[in-house]
Amino acid sequence: MGIPERSGLSDDEIRAFRFPGGRYTIAHWENFLLTDCTTSPQLANGLAHPVNLFHVSILGAGVNITELFAVCGAEGPGSVGLDGYDWEFFSPLHIDTEYVVQGSIIEWEHRLDEQDNPFDSMRFAIELSAADDTSNLIARATNTWRFRRAETSAPHLPTPEVRTNDRGETIPSFAVESVDAQRMKTMAAILRDPYRVHWDREATTAMGLGGRVINQGPLNLSYIVNALHGHAGEGCIRRLTVSFHRPVFDGDHVVAGGRVVGGDGRVDIWLERHRAETTEIVVSGTALID
């Protein structure tokens with residue numbers, strides 16, 4: 001499946017775009033497969049892996065990734081990037097539990113990257129509530145995507161700089177010795193993700209990436225989640241706020257870690273890629289944990 005043509009919506013129409021809304025229940029099988037994709041052991045007591053929030057929120061809100069690409073006018077392979085997530089968990093997610101889901105696009109801006117290349121920044125927010133009491137908010141996902149443009153006639157804003165703290169006691173790390181392309185394929189099926197860079201080596205060859213496929217953002221975040229679970233236990237996560245700096249490819253050796261920065265449950269978090277004698281941060285941000 002290719003990336004669809006742009007819908008032709010104006011800037012104001014995109015900013016006002018609301019998702020239809022709906023209901024979603026995380027099935028045992030999808031949580032089992034998704035958790036396996038993260039390389040984590042299965043969670044106990046009916047807990048769903050927190051990274052479920054990505055696809056549960058989108059599909060439950062009555063849209064899919066293909067439709068969001070169309071609304072925002074994705075221009076082709078490699079044109080869509082992931083800037084950041086802000087995920088809030090007011091209660092842990094569970095399997096076999098129905099959630100009411102609603103959301104909308106909350107920001108649409110024309111910007112320039114560090115090399116003065118134009119892109120459009122789209123942010124959407126989706127909330128999950130308990131089906132038996134919609135006033136009981138369970139989780140909120142706020143995601144920011146980047147749509148790169150070949151050319152633009154609209155004014156663009158500079159991209160804000162991301163800063164992180166570098167002090168405190170580190171938590172135990174979580175390592176993935178070699179990111180698995182097959183797990184990316186399974187994840188793409190769970191997410192209903194049409195983006196070929198995650199499973200089609202021909203697409204990434206055409207992009208000059210040597211045929212290596214790109215790991216999904218939720219999977220990169222899941223390694224950090226697994227490190228937090230190892231530190232504070234399953235169900236500990238209350239908020240994840242992260243920025244994505246570099247893509248992760250199949251075969252990469254990545255290590256997730258964190259640093260406790262206060263007594264209020266705040267942890268600076270990161271995902272590092274290790275190559276030969278070099279290390280680089282590919283994801284960074286903060287978490288709030290119990």
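The values are calculated or read from the model by the stated rules, or taken from the named source; none is laboratory data. Source: prediction; values computed, not measured. With ideal geometry, Cβ positions are generated from the backbone for all residues, glycine too; neighbour counts draw on all protein chains shown.
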Note on I171: of the conditions (1) of a type in the set (A, V, I, L, M); (2) surrounded by fewer than 21 Cβ atoms within 10 Å (Cβ to Cβ); (3) more than 21 Å from the chain's Cα centre (by Cα), unmet is (2)
Looking for something over 20 Å from R167 (Cβ atoms), part of a strand (DSSP E or B) and touching a residue at least 24 places away in the same chain (Cβ under 8 Å) - is there at least one such residue anywhere in segment 219-235? no
Is it the case, given these coordinates, that D250 is more than 20 Å from G230 (Cβ to Cβ), modelled with pLDDT of 95 or more and crowded, with 19+ Cβ neighbours inside 10 Å? yes
Can you tell me which residue in segment 17-41 is surrounded by the most Cβ atoms within 10 Å (Cβ to Cβ), limited to those that are part of a loop (DSSP other than H, G, I, E, B) and among the aromatic types (F, W, Y)? F19
Only one of (1) of a type in the set (D, E); (2) crowded, with 18+ Cβ neighbours inside 10 Å; (3) in contact with a Cys (Cβ under 6 Å, 6 or more places away or on another chain) fails for D193. Which number is that? (3)
Can we say I14 is in contact with a Cys (Cβ under 8 Å, 6 or more places away or on another chain) and part of a helix (DSSP H, G or I)? yes
Any idea which of R196, R246, R201 is basic (K, R), out of contact with any Phe, Trp or Tyr (no Cβ under 9 Å at 6 or more places or on another chain) and under 18 Å from T144 (Cα atoms)? R246
Would you check if G265 is surrounded by fewer than 17 Cβ atoms within 10 Å (Cβ to Cβ) and either closer than 24 Å to N45 by Cα or among the aliphatic types (A, V, I, L, M) (or both)? yes
Can you pull out every residue in segment 196-221 that is in contact with a Pro (Cβ under 8 Å, 6 or more places away or on another chain) and either under 22 Å from G84 (Cβ atoms) or of a type in the set (D, E) (or both)? V197, I214, N215
Of everything in segment 58-73 that's of a type in the set (G, A, S) and at pLDDT 95 or above, which residue is surrounded by the fewest Cβ atoms within 10 Å (Cβ to Cβ)? G62
Failed item, numbered, when R196 is tested on (1) modelled with pLDDT under 95; (2) under 14 Å from V283 (Cα atoms): (2)
Subset of segment 32-51 (residues that are in contact (Cβ under 8 Å) with a residue 40 or more places away in the chain, of a type outside the set (A, V, I, L, M) and in contact with a helix residue (DSSP H, G or I) (Cβ under 6 Å, 6 or more places away or on another chain)): C37, T38, S40, H49, P50
Does segment 86-98 contain at least one residue that is in contact with a Gly (Cβ under 6 Å, 6 or more places away or on another chain), assigned to a strand (DSSP E or B) and not small (G, A, S)? yes
